[in-house]
Amino acid sequence: MCRTLGISLKSERIQIDMPTSRELEIWSNEARRKALVCEHCLAEGIEKCDENLVTHHILYKYKYPQYALKKWNAMVLCEKHHKLLHSQEGYRKD
C-alpha cells in the first residue's frame with residue numbers, strides 16, 4: 001500500500017501516493033531481472049561489467065512520486081555509472 005503525501009499548490013491540496021520501500025524493491029528487482037548488463041556499459045560496447053547492478057529512477061521518485069513504480073521509469077546501471085550519473089546531475093542518490 002502506498003503512503004500519501006499532501007502537497008499544497010496555490011491553496012489547493014492534492015494527494016500524491018508515495019511508494020513504500022517494499023513496492024520500490026519489487027519494482028527494482030523486476031527491472032534488474034530483465035536487464036543483464038548496465039545500460040551505460042552496453043552503450044559503450046561493454047557486454048559484461050563486474051559491478052553490481054542497481055535500478056535508477058529516470059524521473060526521480062522524490063520529485064515525481066506518481067511515476068516511481070512505472071516500468072518505463074527504470075534504468076539499470078552498474079554502481080559505478082549510477083554514482084557517476086548522480087554526481088553529474090547534482091541530485092541525491094535515490
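The values are calculated or read from the model by the stated rules, or taken from the named source; none is laboratory data. Quick caveat: nothing in here was measured; it's all calculated off a predicted structure. In this analysis, Cβ positions are derived from the backbone assuming ideal geometry, glycine residues included, and neighbour counts consider all displayed protein chains.
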Check: Which condition breaks for residue 48 when tested against (1) out of contact with any Leu (no Cβ under 6 Å at 6 or more places or on another chain); (2) modelled with pLDDT of 85 or more; (3) surrounded by fewer than 17 Cβ atoms within 10 Å (Cβ to Cβ)?
Finding: (2)
Item checked: Pair list, Cβ < 6 Å and 6+ apart or interchain, from segment 60-84 residues that are under 12 Å from residue 19 (Cα atoms) to residues that are of a type in the set (Lys, Arg) and in a loop (DSSP other than H, G, I, E, B) -> 68/61
Next item on the list: Name every residue in segment 27-70 that is assigned to a loop (DSSP other than H, G, I, E, B), within 19 Å of residue 86 (Cβ to Cβ) and among the charged types (D, E, K, R), in order of residue number.
Entry: 44, 51, 61, 63
